[in-house]
Amino acid sequence: MAYKDKYRFGLILSGGGFRGAVHLGILKALQENGLYPDIIAGTSAGSIAAAFYACDVDIDWFAREIKYMKPWKVLDPAFPLAAILALAYRFWVRRPMVMAKWPEGLFKGDKIEKWLDGLFKSKTFDELRIPLSVVSVDVETGQTVVFCPKKDIPSFGMRNTVFISDVPVSSAVRASISLPGVFVPKRLKGRKLVDGGIKDNVPVDVVFHQGACKIVAVDLGKSSGKRRVESVIDVLMASVDIMGSELSYHVQKEYPAFYLYPQVYGVGYGDFYRIPELIKFGEEFAESKMKEIKKFLST
């Protein structure tokens, strides 16, 4: 069941690709102002930032380290050269390429999961000091799948939603960031999981049913400017953004929260090295809203 006022302050972090680095700056600003979420939830990129907070990853350290990190070190293409040649052979010699079996995504996701597991020290949800919820979707059943501590599983109120607790945080985050067509879906607990933004990009409903009294939600999907759409990955990300924004509109009408909308323009999947800049932007944005946030939390 949902327990009223079980947690004083809940924080929600939406998906948004590399724009999700903004969440880290917002988290840093909140902590510097003495505001510490009692429970946190995230979808896709937001699940990474939420897990950083719940697993005590130092944001300043990460911002320094990411400058020297090579992105291909955490990406493992699902299309090796041998596979491409084999598909070409099938097309020209044996049968049309449309009949061949294609990989389920551009990247396998194993390397990034291993990297995340190192950052999160292989913790499971029940080992976390701060309760964390990570949202994904079972692409085979259409169910929302929420990973969280066992004690925070509501017994009612969440339609078509499954809660799972006994998995590593890294595996759940890997599932939540599995943008269809980009990452191969994550197989976990007999389920085939993809990006949670497909159904619940701003999971206010999850933390509400887990008993948060005051909820602050950061939504990166609502922007008044044009998106930068220059590649197939950008097209997929923009599509999920648009779908998530439409779904979030209905969630906002039903679940009360203080919503923040950072306006982040011109950031695509080729902007890995802008992460420190985006963290700084998030910090400055949160500082500009801090009086309003404090007022909301104190009333």
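The values are calculated or read from the model by the stated rules, or taken from the named source; none is laboratory data. Not measured: the values here are computed from a predicted model. Glycine gets a Cβ as well: all are built from the backbone with ideal geometry, and neighbour counts include every protein chain shown. These area figures cover heavy atoms from the full protein model, side chains too; ligands, DNA and RNA do not enter into them. Shrake-Rupley method; radii C 1.70, N 1.55, O 1.52, S 1.80 Å.
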Quick one: Karplus J couplings for the stretch 14-27, per residue in order, coefficients 6.51, -1.76, 1.60, θ = phi - 60°, nearest Hz, x for Gly and Pro?
7, x, x, x, 5, 4, x, 4, 4, 4, 5, x, 5, 4
Computed ³J(HN,Hα) along the stretch 282-299: with the Karplus parameters 6.51/-1.76/1.60, θ = phi - 60°, integer Hz and x for glycine or proline, the list is x, 5, 5, 4, 4, 4, 5, 9, 4, 4, 5, 5, 4, 5, 4, 6, 8, 7
Determine the distance separating the Cα centre of the stretch 122-140 from the Cα centre of the stretch 21-41; give it in Å without decimals.
18
Residue-wise HN-Hα coupling along the stretch 201-214, computed from phi with Karplus coefficients 6.51, -1.76, 1.60 (Hz; x: Gly, Pro):
6, 10, x, 4, 4, 4, 5, 4, 6, 8, x, 6, 7, 10
Under 5 Å between amide hydrogens, which residues at least 5 positions from LYS214 or on another chain qualify, with H placed 1.01 Å from N in the peptide plane?
PHE9, GLY10
Between VAL162 and residues 5 or more places away or on another chain, which pairs have amide H atoms under 5 Å apart, with H built 1.01 Å from N, and which residues are they?
THR144, VAL145, VAL146
What FRET efficiency comes out for the pair ASP166/THR141, r = Cβ-Cβ distance, R0 = 22 Å, nearest 0.05?
0.65
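Efficiency by 1/(1 + (r/R0)^6): what FRET value for LYS6 and SER288, r their Cβ-Cβ distance, R0 = 30 Å, to the nearest 0.05? Intermediate values should be presented prior to the final figure.
Working: r = 30 Å, r/R0 = 1.02.
Efficiency, from the Cβ-Cβ distance: 0.50.
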Would you grab the residues whose amide H sits under 5 Å from the one on ALA257? Only those 5+ places off in sequence or on another chain, please, with H modelled 1.01 Å from N.
none
The local net charge around VAL74, scoring Lys/Arg +1 and Asp/Glu -1 for residues other than VAL74 whose Cβ lies under 10 Å from its Cβ, equals +1
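Could you sort ASP271, ASP38, ASP166 by their accessible area in this structure, using a 1.4 Å probe and putting the largest first? Walk me through the numbers on the way to the answer.
Details: ASP271 20, ASP38 50, ASP166 100 Å².
These residues rank, largest area first, as ASP166, ASP38, ASP271.
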